[in-house]
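Note sheet for the following structure.
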């Protein structure tokens with residue numbers, strides 16, 4: 001299989017980049033990583049949620065370019081069906097796709113109020129009502145999945161598409177000191193303990209670049 005290339009933005013701030021990168025890592029795809037400069041106007045617009053569409057991450061493989069995160073997940077599932085990006089049963093696959101799609105298209109208040117910033121930590125952060133409603137919905141999703149499939153990941157013993165989609169949310173909850181119940185706290189710890197997540201976080205913290213608009217004092 002030809003080596004792929006994945007174009008991503010900042011590892012500290014790039015929530016969509018994390019999703020695409022983690023999907024490729026979970027699928028054990030052999031890929032070359034390409035990082036675009038955060039000073040690039042289009043990249044900066046994406047990081048600040050000012051872009052009408054998101055072009056990173058972008059996976060290039062066998063002459064095919066895929067720049068939508070859910071499309072990347074589905075493509076990886078097609079070329080590497082034994083990787084386990086989707087659960088085994090029909091019902092679980094449907095639920096996995098549903099909550100991944102909900103994460104993909106929703107929770108705009110959370111994205112705006114709690115931007116991903118792995119270098120930041122805001123103890124006692126005050127969450128406003130709109131973002132709290134998003135948090136409540138995410139917690140509800142997690143509780144239902146963990147109760148149904150018995151964890152430690154959302155659909156059982158191994159990480160899948162849904163866990164990659166919610167991984168940036170886990171980092172946000174930790175950065176902004178969001179209070180969670182014991183089950184959701186344990187889930188966050190499980191995600192952050194993934195070797196792939198540790199690799200990403202270490203690289204993010206070593207990044208020299210800063211996006212001042214995302215480093216403001218809360």
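The values are calculated or read from the model by the stated rules, or taken from the named source; none is laboratory data. This is a predicted model, so every value here is computed, not measured. Note that we place each Cβ from the backbone using ideal geometry, even for glycine, and neighbour counts take in every protein chain shown.
Couple of notes before you dig in:
- If only residues of segment 173-195 that are within 14 Å of residue 25 (Cα to Cα) and buried (at least 17 other Cβ atoms within 10 Å of the Cβ) are counted, the one that is farthest from the chain's Cα centre (by Cα) is 194.
- Pick from segment 110-137, criterion over 16 Å from the mean Cα position of the chain (by Cα) and in a helix (DSSP H, G or I), ranking: nearest to residue 205 (Cα to Cα): 113
- From 42, 53, 17, residue being outside any loop (DSSP other than H, G, I, E, B), modelled with pLDDT under 90 and outside the structural domain of residue 170 (by TED's automatic domain parsing): 42
- Residue tally, condition assigned to a helix (DSSP H, G or I) and exposed (fewer than 14 other Cβ atoms within 10 Å of the Cβ), over segment 138-172: 3
- Yes/no for residue 88 being within 19 Å of residue 160 (Cβ to Cβ) and exposed (fewer than 12 other Cβ atoms within 10 Å of the Cβ): yes
- Residue check for residue 203: at negative phi, outside any loop (DSSP other than H, G, I, E, B) and surrounded by fewer than 21 Cβ atoms within 10 Å (Cβ to Cβ): yes
- Within segment 91-113, at least one residue is surrounded by 12 or more Cβ atoms within 10 Å (Cβ to Cβ), touching a residue at least 60 places away in the same chain (Cβ under 8 Å) and touching a strand residue (DSSP E or B) at 6+ places or on another chain (Cβ under 9 Å).
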